[in-house]
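This report refers to the structure that appears directly beneath it.
The values are calculated or read from the model by the stated rules, or taken from the named source; none is laboratory data. Since the model is a prediction, treat every value here as computed from it, not as a measurement. Glycine also receives a Cβ, built like all others from the backbone with ideal geometry; neighbour counts cover every protein chain displayed.
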Ligand SMILES: Cc1cc2nc3c(=O)[nH]c(=O)nc-3n(C[C@H](O)[C@H](O)[C@H](O)COP(=O)(O)O)c2cc1C
């Protein structure tokens, strides 16, 4: 099965998991970059409210034909309980009819409304075959004690 892994990372944890997975699956690996460089503050404001509203950020063109793959794996960090805004932009790239697997890296908190996240990929006409969460335990200091 020809597999592509698309991931967004801010701090590197999602990158590490995506790289591990690409070796395990023999998959092609594509890092997604946002068009505007995000500062640490920008990950909180406006990053967190945008994540909670499932707003897509602007991303740089991937330069790959995703229709050539059978399975697409998407990896993303969790911000304020929801996938970081780049996830919503990645979902918009999904060609119809693909098998999609999702993985999310979080500091230890639960993802809110996981069913809603899965439903987003389904709106693209894709079948979500797996959705898993990885606890990286790297909580940003500003969120400590709030979760
Ligand atoms: C802006 C921001 C918000 C976050 N919100 C949460 C959260 O709500 N719950 C949680 O468990 N972790 C939260 N985290 C921690 C990240 O999800 C976690 O460290 C993740 O592994 C980061 O992945 P990355 O290194 O690929 O960016 C947040 C991190 C950032 C920067």
remark   = Contact list, first residue from the range 63-78 and more than 13 Å from residue 27 (Cβ to Cβ), second anywhere and more than 16 Å from the ligand (Cβ to nearest atom) and at pLDDT 95 or above, beta-carbon distance below 6 Å, six or more apart or interchain, is 67/95
ask   = Name the pairs: first residue in the range 48-60 and surrounded by 14 or more Cβ atoms within 10 Å (Cβ to Cβ), second residue assigned to a strand (DSSP E or B), Cβ to Cβ under 6 Å, at least 6 apart or on different chains?
value = 48/79; 51/79; 51/82; 52/82; 57/34; 59/34
inquiry  = Quick check on the range 30-41. Is at least one of its residues more than 14 Å from the ligand (Cβ to nearest atom) and surrounded by 15 or more Cβ atoms within 10 Å (Cβ to Cβ)?
reply    = yes
remark   = If we keep only residues of the range 1-24 that are over 14 Å from residue 84 (Cα atoms) and surrounded by fewer than 17 Cβ atoms within 10 Å (Cβ to Cβ), then the residue farthest from the chain's Cα centre (by Cα) is 1
